[in-house]
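Here is the structure we will look at.
The values are calculated or read from the model by the stated rules, or taken from the named source; none is laboratory data. All values derive from a computational prediction rather than experimental measurement. Counting neighbours? That spans all protein chains shown, and the Cβs are built from the backbone with ideal geometry, glycine included.
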């Protein structure tokens, strides 16, 4: 998530009442999670075992709750509650904007696009040319659609990430600072949900076609010309490369990568990265030929036991 204007680390330290360690001349240009961070980003870490990973990341500013040796080109900000400080910064940069009209006056709708009755377009949303947003669809705050995008009835794009920090008092909601980007020529079926990113954008690549009742989690990156059949679920921060095909009711666990051209057959569950260009089946998903051989072998087990043990 990029800030509208860069913020100096000195100003951040004052705002957060934090102790500053390292280069006080730096500026922050955005805020991100550790695994998505880049130069200019603010990240946080509050668990000792992840300190080194955070300090070695590409991020410029690290919020943490214990002193550490600051690497060159970084600034550390010591605060009692790094997550709370992180979340407060996101809320500050992305304050809540309630809808007051069906199509926000700050939204932009391209020439030739159709918005049917009952559809909602949130603040700062951008809809490209010749799009078709059907009845009762929801295009959330800051969501960006390319040209010739079709969104069928009841689909919701830009819901909050399902992302919480577990504490002794319960679950604390992360403010979803990212958004959703739908590229050109994408079609999305009825009653789908696509969550916005926690700190980066959820992306649906050019030419991808999505069936009805599909759930796409936060920060997911779907490549170009993919096909996702009904009731597919893709968990947060996973990535599908170009031309991936997911048949009905396939489930993809979080933080995985599915290689280009992979095909996952219906009702399969994916719990690890999959190599591209192959067909997979089962739970956990494996190459379909192997899975079918194992299933065929299982059918012979009753006869095997009857022959040798009775």
Among residues of the range 10-55, those that are without any contact (Cβ under 8 Å) to a residue 12 or more places away in the chain and under 17 Å from residue 88 (Cβ atoms), counted: 3
Looking at 99, 77, 64, which one is over 30 Å from residue 11 (Cα atoms), surrounded by 13 or more Cβ atoms within 10 Å (Cβ to Cβ), outside the structural domain of residue 176 (by TED's automatic domain parsing) and touching a residue at least 12 places away in the same chain (Cβ under 8 Å)? 99
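Every residue, every condition in (1) within 24 Å of residue 172 (Cβ to Cβ); (2) out of contact with any helix residue (DSSP H, G or I) (no Cβ under 9 Å at 6 or more places or on another chain), yes or no:
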{"position": "22", "(1), (2)": "no, no"}
{"position": "29", "(1), (2)": "no, yes"}
{"position": "51", "(1), (2)": "yes, yes"}
{"position": "64", "(1), (2)": "yes, no"}
{"position": "70", "(1), (2)": "no, no"}
{"position": "73", "(1), (2)": "no, yes"}
{"position": "85", "(1), (2)": "yes, no"}
Of the residues in the range 1-40, those that are part of a strand (DSSP E or B) and farther than 18 Å from residue 87 by Cβ come to 4, 5, 6, 8, 19, 20, 21, 22, 27, 29
Counting only strands (runs of 3 or more DSSP E) wholly inside the range 135-223, the ones holding at least 2 residues that are touching a residue at least 12 places away in the same chain (Cβ under 8 Å) and crowded, with 21+ Cβ neighbours inside 10 Å are 156-159, 180-182, 193-195, 202-204
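Yes/no matrix, rows are residues, columns are (1) assigned to a loop (DSSP other than H, G, I, E, B); (2) touching a residue at least 24 places away in the same chain (Cβ under 8 Å):
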residue	(1), (2)
230	yes, yes
237	yes, yes
272	yes, no
289	no, no
294	no, no
